[in-house]
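Q: Handing you this structure, nothing more for now.
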Amino acid sequence: MLYNDYIATNRVYHVVSLNDLDKCLNEGIHFDDKGTYQSKYSRFHKYFDDNKIENIPDWVVRQKAIFASLNFKNNHKWHSHSALLSIKINENKSWICNENIANFLFEPFVLQETRGFSEAYGFIHDNGKKIVKDYWVNSTSFTENLKKRNDLKEGYDAEVLIMHDIPPSDIECLLIISDHRIMSCEEWKSFFRSRELNYKLC
């Protein structure tokens with residue numbers, strides 16, 4: 001894995017668009033403070049909340065969660081023009097789910113209302129609620145996961161649902177990712193000081 005285990009670091013990881021970095025570092029992180037929240041994710045999260053199973057606590061709400069990762073594989077594919085943040089969390093206000101299951105539903109959910117993709121609507125109609133049930137059945141509290149370690153099992157890509165705001169004091173910027181380079185903040189600052197003009201490296 002890319003970083004030491006949570007047991008050693010007490011940190012989880014949150015990816016933001018480079019356009020949102022300054023706001024995060026100055027104002028902290030909130031569940032609805034990204035430009036894409038309403039346009040891209042709100043209805044998707046609501047579908048999971050509307051079909052939540054009984055044993056999931058009321059305080060666990062995807063529509064109000066900040067999403068983070070416990071770790072990344074060394075060959076993780078990063079989004080260009082983004083920043084990786086290391087953050088501290090309240091373990092008692094966080095929940096662990098398998099992101100692989102949520103991701104399985106995202107494309108059909110979005111495409112079901114797109115012209116030419118009527119098959120996606122049928123897929124959601126027949127399988128959507130079953131997929132959401134599997135998502136919740138395979139989830140657990142953050143503290144319970146530290147005992148069971150579902151996140152270390154094959155095929156379990158742990159996403160952390162953080163049910164509280166993250167203040168600036170609990171945020172550290174680790175990496176900034178361009179189309180061609182992944183560097184630490186200090187490496188980027190050194191590059192800026194160099195005044196180097198190699199356009200192939202942008």
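The values are calculated or read from the model by the stated rules, or taken from the named source; none is laboratory data. This structure is a prediction, so every number in the text was calculated from the model and none was measured. FYI the Cβ positions are ideal-geometry reconstructions off the backbone, even for glycines, and counts take in every protein chain you see.
Q: Can you run down the residue pairs with Cβ atoms below 8 Å, 6 or more apart or on separate chains, where the first is in the stretch 1-13 and part of a helix (DSSP H, G or I) and the partner is surrounded by 14 or more Cβ atoms within 10 Å (Cβ to Cβ) and not charged (D, E, K, R)?
A: Once the first residue is part of a helix (DSSP H, G or I) and sits in the stretch 1-13, its partners that are surrounded by 14 or more Cβ atoms within 10 Å (Cβ to Cβ) and not charged (D, E, K, R) give Tyr6/Val12; Tyr6/Leu70; Tyr6/Asn71; Tyr6/Leu146; Ile7/Leu146; Thr9/Tyr3; Thr9/Ser86.
Q: Would you say Glu186 is more than 21 Å from Gln63 (Cβ to Cβ) and either over 19 Å from the mean Cα position of the chain (by Cα) or not in a strand (DSSP E or B) (or both)?
A: Here the answer is yes, as Glu186 does meet what is asked.
Q: From the set of residues in the stretch 126-164 that are hydroxyl-bearing (Ser, Thr, Tyr) and over 21 Å from Gln112 (Cα atoms), which is surrounded by the most Cβ atoms within 10 Å (Cβ to Cβ)?
A: Start the filter on the stretch 126-164 by keeping residues that are hydroxyl-bearing (Ser, Thr, Tyr), which leaves 135, 139-141, 143, 156.
Now restrict to residues that are over 21 Å from Gln112 (Cα atoms): 139-141, 143, 156.
Numbers: Ser139: 23, Thr140: 18, Ser141: 18, Thr143: 12, Tyr156: 17.
It comes out as Ser139.
Q: Next question. Based on this model, can you work out whether Asp170 counts as surrounded by fewer than 11 Cβ atoms within 10 Å (Cβ to Cβ), in contact (Cβ under 8 Å) with a residue 60 or more places away in the chain and not hydroxyl-bearing (Ser, Thr, Tyr)?
A: So Asp170 does not fit the description; no.
Q: Here's something else I'd like to know. Note down all Cβ pairs under 6 Å where the first residue falls in the stretch 136-162 and is touching a residue at least 24 places away in the same chain (Cβ under 8 Å), the second is assigned to a helix (DSSP H, G or I), and they're at least six residues apart or on different chains.
A: Phe142/Glu91; Thr143/Glu91; Tyr156/Asn150; Asp157/Glu99; Asp157/Asn100; Ala158/Asp151; Glu159/Glu99
Q: Tally up the residues in the stretch 173-200 that are among the aliphatic types (A, V, I, L, M) and surrounded by fewer than 10 Cβ atoms within 10 Å (Cβ to Cβ), please.
A: From the stretch 173-200, those among the aliphatic types (A, V, I, L, M) are 174-177, 182-183, 197; that's our starting set.
Cutting the leftovers down to surrounded by fewer than 10 Cβ atoms within 10 Å (Cβ to Cβ) gives us 197.
Adding up the residues that qualify gives 1.
Q: In addition: Out of Ala102, Ala120, which single residue is out of contact with any Ser or Thr (no Cβ under 8 Å at 6 or more places or on another chain) and among the small types (Gly, Ala, Ser)?
A: The conditions single out Ala102.
Q: Okay, moving on. Taking the condition of being basic (Lys, Arg) and surrounded by fewer than 18 Cβ atoms within 10 Å (Cβ to Cβ), how many residues in the stretch 52-68 meet it?
A: Residues meeting the conditions: 1.
Q: Being closer than 25 Å to Val61 by Cβ, modelled with pLDDT of 95 or more and not β-branched (Val, Ile, Thr) narrows it down to one residue among Leu161, Leu174; which is it?
A: Leu161
Q: Same structure again: Say we look at the stretch 69-91 and pick out the residues that are of a type in the set (D, E, K, R) and part of a loop (DSSP other than H, G, I, E, B); which of these is nearest to Asp170 (Cα to Cα)?
A: Lys88
Q: Which condition from (1) at pLDDT below 95; (2) not in a loop (DSSP other than H, G, I, E, B) is the one that Phe48 breaks?
A: (1)
Q: Filter the stretch 134-160 down to residues that are touching a helix residue (DSSP H, G or I) at 6+ places or on another chain (Cβ under 6 Å), part of a loop (DSSP other than H, G, I, E, B) and not charged (D, E, K, R), then give me how many there are.
A: The number of residues fulfilling the criteria is 1.
Q: Would you check if Arg195 is under 26 Å from Lys73 (Cα atoms) and not β-branched (Val, Ile, Thr)?
A: Spelling it out, it is not the case that Arg195 is under 26 Å from Lys73 (Cα atoms) and not β-branched (Val, Ile, Thr).
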